[in-house]
Amino acid sequence: MLEIKNLSKTYKNGKKAVDNLTLTVSAGDIYGFIGHNGAGKTTTIRAVTGVLDFEEGEIFIDSKSVKADPIACKSVTAYIPDNPDLYDNLTGIKYLNFIRDVFKVPQQEADMLIKKYADAFEITANLGDLISSYSHGMKQKLAIISAFIHSPKLLVLDEPFVGLDPKAALELKNMMHDLCDKGGAIFFSTHVLDTAEKLCNKIAIIKGGKLLAHGITEEILGDSSLEEVFMEVVSNE
C-alpha cells in the first residue's frame, strides 16, 4: 500500500532530516512510526502525503508514484496533521460537505458516515457552528471525520491522539482497526509508546533521520516493553 524507497530530505540549512529511509506498509497494517522530536517523522509523513518535496528516493502509494502521479495518490489517501489547519470561516458540516465533494463521495453515503462518526465523537450538535469556535479537540475530531468519510486506502496521521479525550481516543482506535479490517492501511507517528505497543502490528524507530529498527511489533519487542526497546535502540545508536 505504501512503499518508501531510499528517501532522503535535506533542508536549505544543510540539515539532513531523513537519510536513506526505506520501509513498506502493507494492506491491513497499523504501522507506528516512533522517534524523538526532530527525528524525521513529520518530514517523512509530509513527503508521503505530497506536502513536502524530496530530492532522493521514491514513494509509492497503491503502486503509484507520489512524484509522477500525485493526484491518484492523494485520491486514495487521507492525512491528519498534528495541528489540523481547517477553514475557520466554515461551519463543521460545510467543511465535511466540501471534503465530500472533493473526493466525489455520493451524498447519501457521506451523510450516513458523517452522522455515524459525529455521533460517535459527540459533536453532532456542533456541526452547525463555525470551526473558529471549536476547541483543539473538536477540530481534531472534525479532521478525523473528514478523513474517514471518503474511505481512504491509506490513512496517514501525525500524533493523532493529542487533544483527544479518552472516549474519543478509543473511538479512533476502533475506527483504525475497522479501516484495516476492510483492507486499508495506516501509517502514523506518536509519542505515546504504550498506545503504539498495543495498537500497532508493526513499528519503526527513527533517530536523526535514520531508521534504526522496523518490523513486526512482537518480534521487535520480545519480552520487553516498547519503551524499553526504544530507549535501548536510541541509546545504543
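The values are calculated or read from the model by the stated rules, or taken from the named source; none is laboratory data. Given the structure is predicted, the values throughout are model-derived calculations rather than measurements. Methodologically, a virtual Cβ is constructed for each residue, glycine included, from the backbone with ideal geometry; neighbour enumeration extends over all protein chains shown. Accessible surface areas use protein heavy atoms only, side chains included; no ligands, DNA or RNA. Shrake-Rupley method; radii C 1.70, N 1.55, O 1.52, S 1.80 Å.
Residues considered: 49, 24. Of these, the only one that is under 24 Å from residue 142 (Cβ atoms) and either touching a Lys or Arg at 6+ places or on another chain (Cβ under 6 Å) or of a type in the set (Val, Ile, Thr) (or both) is 49. In summary, helices (runs of 4 or more DSSP H) completely within region 149-237 and bearing 1 or more residues that are within 28 Å of residue 57 (Cα to Cα) and of a type in the set (S, T, N, Q) occur at 217-221, 226-236. Of all residues in region 2-42, which are in contact (Cβ under 8 Å) with a residue 60 or more places away in the chain, of a type in the set (Val, Ile, Thr) and either over 21 Å from residue 185 (Cα atoms) or surrounded by fewer than 20 Cβ atoms within 10 Å (Cβ to Cβ) (or both)? The answer is 18, 22. Restricting region 194-232 to residues that are hydrophobic (A, V, I, L, M, F, W, C) and open to solvent by 30 Å² or more (accessible area, probe 1.4 Å), the residue that is nearest to residue 17 (Cα to Cα) is 211. The residues of region 129-141 that are touching a strand residue (DSSP E or B) at 6+ places or on another chain (Cβ under 9 Å) and closer than 25 Å to residue 169 by Cβ, listed by number, are 129, 131, 140. In region 71-94, the residues that are closer than 15 Å to residue 130 by Cα form Cβ pairs under 9 Å with partners that are open to solvent by 100 Å² or more (accessible area, probe 1.4 Å) and assigned to a helix (DSSP H, G or I), at six or more places apart or across chains, as follows: 87/94. Residues that are more than 19 Å from the chain's Cα centre (by Cα) number at least 2 in the following helices (runs of 4 or more DSSP H) confined to region 1-102: 92-102. Residue-level analysis places residue 138 outside the set of residues that are closer than 13 Å to residue 29 by Cα, out of contact with any Lys or Arg (no Cβ under 9 Å at 6 or more places or on another chain) and not in a strand (DSSP E or B). Scanning region 80-90 for residues that are in contact with a strand residue (DSSP E or B) (Cβ under 8 Å, 6 or more places away or on another chain) and open to solvent by less than 20 Å² (accessible area, probe 1.4 Å) yields one hit, 80.
Applying the condition of being assigned to a loop (DSSP other than H, G, I, E, B) and out of contact with any strand residue (DSSP E or B) (no Cβ under 6 Å at 6 or more places or on another chain) to region 103-128 and asking which residue is most open to solvent (accessible area, probe 1.4 Å) yields 104.
Screening region 45-69 for residues that are without any contact (Cβ under 8 Å) to a residue 40 or more places away in the chain and closer than 30 Å to residue 132 by Cβ and picking the one that is surrounded by the most Cβ atoms within 10 Å (Cβ to Cβ) gives 46. Looking only at region 160-170, residues that are in contact with a helix residue (DSSP H, G or I) (Cβ under 8 Å, 6 or more places away or on another chain) and open to solvent by 50 Å² or more (accessible area, probe 1.4 Å) come to 2 in all.
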